[in-house]
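In what follows, a single structure is set out as structure tokens and then discussed.
The values are calculated or read from the model by the stated rules, or taken from the named source; none is laboratory data. Predicted model only: the values in this text are computed from it and were never measured. Because the Cβ atoms are built from the backbone with ideal geometry, glycine has one as well, and the counts that use them run over all protein chains shown. For accessibility, only protein heavy atoms count, side chains too; no ligands or nucleic acids. Shrake-Rupley method; radii C 1.70, N 1.55, O 1.52, S 1.80 Å.
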Amino acid sequence: MCACAAVSLVLTFSGTVFGAVSEGQFSVSPMIGGYTYDGGQHLSTAPVYSLRGGYSFTDHIGVEAGLDYSITSSKLVTDKDVSIFKYGVEGLYHFMPDKKLVPFVAAGLGGYNMSGPSALVSRKTMGFIDYGGGVKYFLYDRLALRADVRHVVANASAFEYTLGVTIPFGGTKGEARPAPTFASVKAALAKKRQEQVEAPQPIPQEKPRQPAAAAPEESKAREPSPSEQLARMKEQFTKEELDRITTFKTEWEKGEEARLAAEKSAREQERLNQATTRNELSREEGRMDAAPAVKQTKGKSATAGAAKKSALKKWHKTVDRKKRLLPPPL
């Protein structure tokens, strides 16, 4: 029955266009699963059959009404079955409603109707609250697989887990516009520029000097045709572009020559400075080497010789420091 209902709904709403979960969307979800009790009811795990109908207030928030039916058996009394009819309402919150895989959480409340032997069923009707979650995977815009898990809190608390399909229909979904890219913007600008170039622009005509008005045939003959106007515009555009490229090339060549000349002049000046520094150091070394011999010929005392050695040692330190500071030859 669930399969037939699903097929009929798909055929009925096959012309509806929407995508994933959307505002104003209705849905029908036939499902099947299991029901496992977690308390002291002494009831066995049993299959459960579920049918749910939903409505989405927004892309994220929706509500569902569900009907569940299950038949279980007692673990204490043999051949004694208990029928459970469960009904309730849940609120749903969908994450990523525009994607193919849509997870969601749910919480709700409702009631139980239980029928069976009085020894097993103390209360025929009771209320419950439940909470849980699930996921929907959209195979197509009009069909999605669905898996749910709920914890039902009541006198007969249990875990409910189901698998099924969701068949959405209706709803409004705005068309997604692709984000502009550099290539699309560039193509649009090129197309607009081409249209401006190809569109004939009116050329202002000079007023005739003579007051007499020209004949319509003569004025029409003097006016250039649209093809001639387009040819003139293209020729003017080509000439301007050529002049712009020529000017840029000339300025760039001048700047490059000036830069090379400046670099060459700087290298020459650096060589001259290095040569001058070396010559000065050589002359100073020659004077200092000749100074001890002149002083010895004059016969100075031992005190003067010690002072000369100290001065010579100090000079050598100065020369070494200047050599370290001197840049290496090119």
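Summary of values
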quantity	calculated
Accessible-area value, residue 94, 1.4 Å probe, nucleic acids and ligands omitted, Å²	10
Under the Karplus curve 6.51 cos²θ - 1.76 cosθ + 1.60, θ = phi - 60°, whole-Hz ³J(HN,Hα) for segment 148-163, x wherever Gly or Pro sits	10, 9, 9, 10, 9, 9, 6, 4, 10, 5, 7, 10, 10, 9, 9, 10
FRET efficiency, residue 254 to residue 234 (Cβ-Cβ, R0 41 Å, nearest 0.05)	0.85
Largest-first ordering by accessible area, 1.4 Å probe, given options 283, 278	283, 278
Separation of alpha-carbon centers, segment 268-290 and segment 223-245, rounded to whole Å	68
Distant-in-sequence amide H partners of residue 61 (H built 1.01 Å from N, under 5 Å)	94
For segment 137-143, Karplus couplings with θ = phi - 60° (6.51, -1.76, 1.60), whole Hz, Gly/Pro x	10, 7, 6, 9, 5, 10, 7
For residue 73, residues with placed amide H under 5 Å, excluding near neighbours	44, 82
Heavy atoms of residue 259: accessible area, 1.4 Å probe, square angstrom to 10	100
Per-residue ³J(HN,Hα) for segment 98-115, Karplus 6.51 cos²θ - 1.76 cosθ + 1.60, θ = phi - 60°, Hz, x for Gly and Pro	8, 8, 6, 9, 10, x, 8, 10, 8, 8, x, 8, x, x, 10, 10, 10, 9
Environment charge of residue 106, counting only residues whose C-beta is closer than 11 Å and scoring Lys/Arg +1, Asp/Glu -1	-2
